[in-house]
Amino acid sequence: MTESESLPVKARREMPIISRVQRNHGLEHATLHVLSQRYPKRSLAGHSDTRGFWVIGDVPIEAVYEAVEEALDRLRKGEKHLAVHRNCGTNFVTSGVLAGLAAGAAMFGVGKSIRDKLERLPLAMFVATLALIFSQPLGFLLQERVTTSAEPGNLQVVEIVTSRRGRMKAHRITTRN
């Protein structure tokens, strides 16, 4: 890759707000990886923003604290793969957009009758399936290069607060530079 090809991503990473979300997003993923290893049967989710991230799932606050600290340490030691997660929204959006565009393109120009549309439906399903297959590596690439950062820099955990709504437990992890 030439230097000019990497400039747009580099420029985005140098914007404080975007860089902050990317680093929080990378730490969120790393934390979810650590928690998933410790609680393999638990359903966990996350969401990142400029002030930190959420871990949603029924795990003790102590476990979240330990997982965040371990995740931060492991990222700082170079375990970049922790910043990418297979269940990231980036993957789902990439898959949905590509499959939708492929199916739409396959149906483009089809006559107005139901029969015309039904005749083209197998092609639309086929190209949508191909798009889903190709979208998986693209989603991971977008995570690595655009939506997350595996380099937390001077990111620090300020506090972790747990709230509960019925059976749902949400842990808010607040960070700062």
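The values are calculated or read from the model by the stated rules, or taken from the named source; none is laboratory data. Keep in mind that what you see is a predicted model, and the values were worked out from it rather than measured. Reconstructed Cβ throughout: ideal geometry from the backbone, glycine too, with neighbour counts over all protein chains shown.
In table form, for the structure just shown:
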| quantity | calculated |
| --- | --- |
| Scan of segment 37-86 for residues that are under 20 Å from Met168 (Cα atoms), among the basic types (Lys, Arg) and either within 18 Å of the chain's Cα centre (by Cα) or in a loop (DSSP other than H, G, I, E, B) (or both), ordered by number | Lys41, Arg42 |
| Flag for Ala102 being surrounded by 15 or more Cβ atoms within 10 Å (Cβ to Cβ), outside the structural domain of His25 (by TED's automatic domain parsing) and modelled with pLDDT of 95 or more | yes |
| Hey, Leu98 of a type outside the set (Lys, Arg), assigned to a helix (DSSP H, G or I), touching a helix residue (DSSP H, G or I) at 6+ places or on another chain (Cβ under 6 Å) and under 30 Å from Ala45 (Cα atoms) or not | yes |
| Residues of segment 118-177 classified as in contact (Cβ under 8 Å) with a residue 60 or more places away in the chain, farther than 22 Å from Leu82 by Cα and not polar (S, T, N, Q), total | 3 |
| Leading residue by the ranking (nearest to the chain's Cα centre (by Cα)) among those in segment 146-166 that are surrounded by 15 or more Cβ atoms within 10 Å (Cβ to Cβ) and either in a helix (DSSP H, G or I) or not polar (S, T, N, Q) (or both) | Thr147 |
| Test for Thr90: is it among the hydroxyl-bearing types (Ser, Thr, Tyr), closer than 19 Å to Arg23 by Cβ and assigned to a strand (DSSP E or B) | no |
| In segment 105-120, the residues that are loosely packed, with under 14 Cβ neighbours inside 10 Å and in a helix (DSSP H, G or I) | Ile114, Arg115, Asp116, Lys117, Leu118, Glu119 |
| Segment 60-99, residues that are buried (at least 17 other Cβ atoms within 10 Å of the Cβ) and β-branched (Val, Ile, Thr) | Val64, Val68, Val84, Thr90, Thr94 |
| Qualifying residue in segment 34-51 (condition: closer than 26 Å to Val146 by Cα and in contact (Cβ under 8 Å) with a residue 60 or more places away in the chain) | yes |
